[in-house]
Amino acid sequence: MEPLDSSIESPATENEVPVNRWKTYGIHLGLFLLTLIGTTFAGAEWSEGSVVGMEGYGWSNFTAGFGFSIPFLSFLTCHEFGHYFTARRYNIKTTLPYYIPFWLGFFPLLGGYFFPSIGTFGAVIRIKEQIKTRWHYFDVGIAGPLAGFVVAIGVLTFAFTHLPPPEHIFTIHPEYEQYGLDYADYAYSEPRDQPGIAFVMGTNLIMEFYKHVIAEDPSLVPNTFELVHYPWLFAGFLALLFTALNLLPIGQLDGGHIIYGLFGPKMHKILSVTFMLMLVFYAGLGLITPEHLNGMISFRPDKWYQAPLYFWFLNIVFFRIFPQWQQRLMWCLGILALQLSLLLTFPGIEGYPGWLLFAFLLGRIMGAGHPIPLQDEPLDFNRKLLGWLAILIFILCFSPAPLQVVELGVVD
């Protein structure tokens, strides 16, 4: 139970309520400004490698980050206010969006390399009362992804119709100029004196459509290794990724609300748990690699700890989804056994470990369940159409491996 506000518990003077209201507005505005600053710093880091504190860093370096922060925060804001205004339409008590700033500059990762954040963990609104009907859950849940998706399409349309010339990459990586426009054939594979990493962006069906249909000149489309240096493209891709994450049909994510509205509580539970299992199964493929030694399946002696550590992690992820330890043990062993069997059949197959962090957050914080409203009536035809449209949007936006870190060659 949430504590009551003090102004409700005791008589308030005429000035007390506005003071409390403005204090609350100040918190929301302050978080937004911190998020704007953080995403602007991050945008400059990603697009041109400008790091706060580096020699020569100035106002022009900071403002370069607006090319990322403005389109990305436009998407994020429209997504959250889609939820907010829909909730307010039904007189559901809710807060304004809480933006979550998260910027640490370049921090050490991967044995001495550095990895920049995007300046935020997103934003949330808080529903302050029980939602009473299934279609209220559905409408509030679907409004955010639909509003954000419209903005994401607008950002990508602008990005792909205003691509700079191919030589733009030489302003970011002047060392590529020696190779000419065929730099991709040499720059990433040749040995180098200093270690380095590259961030390779994934793709999805919408990105492929824009690359091959919307872009007027295919030669202007950047290499996937360099897409992070094109802020509008990067912001648009992240907008699609965040849309897909929210539309995952798991628990109380927006996608969970949508499948609950479409199919009801029983099918929601089945689909939610199924997709959670599929996500973990795909994410963990290749983390534990069996080997054939003298006709027997074993693991490298120096990697003996991997299997028990991974099994322990799975147990944590599924703790809320399968509360009974016997059932949890069965599913953890089943996933591990199936992954090893697939690896023995198709050696070298890999999933995307990045999804394990998301699965961990879902499993430990949210779970796979969904609250049952007071009035659990089926949706009307128009809402069902919107629900299937949201499922289609999820398919179009989903990227199996959204961001990969590739280590570049080093001369011994």
ask   = Leu293 is checked against (1) more than 18 Å from Gly354 (Cα to Cα); (2) modelled with pLDDT of 85 or more and fails just one. What number does that condition carry?
value = (2)
key: Scope segment 238-259; condition buried (at least 23 other Cβ atoms within 10 Å of the Cβ) and either within 27 Å of Gly334 (Cα to Cα) or free of Cβ contacts under 8 Å to residues at least 24 places away in the same chain (or both); matching residues   = Leu247, Pro249, Ile250, Gly251, Gly255, Gly256, Ile259
note = Gly180 passes all but one of the listed conditions (1) more than 19 Å from the chain's Cα centre (by Cα); (2) more than 29 Å from Asn61 (Cα to Cα); (3) assigned to a helix (DSSP H, G or I); the exception is number (2)
request  = Mind listing whichever residues of segment 146-171 are surrounded by fewer than 15 Cβ atoms within 10 Å (Cβ to Cβ), of a type in the set (Val, Ile, Thr) and more than 19 Å from Leu247 (Cα to Cα)?
outcome  = Thr157, Thr161, Thr171
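Residue by residue, here is whether (1) at pLDDT below 90; (2) assigned to a helix (DSSP H, G or I); (3) not assigned by TED's automatic domain parsing to the domain that holds Val228 holds:
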{"residue": "Asp302", "(1), (2), (3)": "yes, yes, yes"}
{"residue": "Ala307", "(1), (2), (3)": "yes, yes, yes"}
{"residue": "Ile321", "(1), (2), (3)": "no, no, yes"}
{"residue": "Gln326", "(1), (2), (3)": "no, yes, yes"}
{"residue": "Leu336", "(1), (2), (3)": "yes, yes, yes"}
{"residue": "Leu357", "(1), (2), (3)": "yes, yes, yes"}
{"residue": "Lys384", "(1), (2), (3)": "no, yes, no"}
{"residue": "Ile395", "(1), (2), (3)": "no, yes, no"}
{"residue": "Ser399", "(1), (2), (3)": "no, no, no"}
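Based on this model, can you work out whether Glu177 counts as of a type outside the set (Ser, Thr, Tyr) and over 27 Å from Thr39 (Cα atoms)? Working first, answer last.
Values: of a type outside the set (Ser, Thr, Tyr): yes; over 27 Å from Thr39 (Cα atoms): yes.
Taking the combined requirement at face value, the residue satisfies it.
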key: Tally, over segment 52-69, of residues that are surrounded by 16 or more Cβ atoms within 10 Å (Cβ to Cβ) and not in a helix (DSSP H, G or I)   = 1
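The values are calculated or read from the model by the stated rules, or taken from the named source; none is laboratory data. Worth saying up front: this structure is predicted, and the values here are computed from it rather than measured. Glycine gets a Cβ as well: all are built from the backbone with ideal geometry, and neighbour counts include every protein chain shown.
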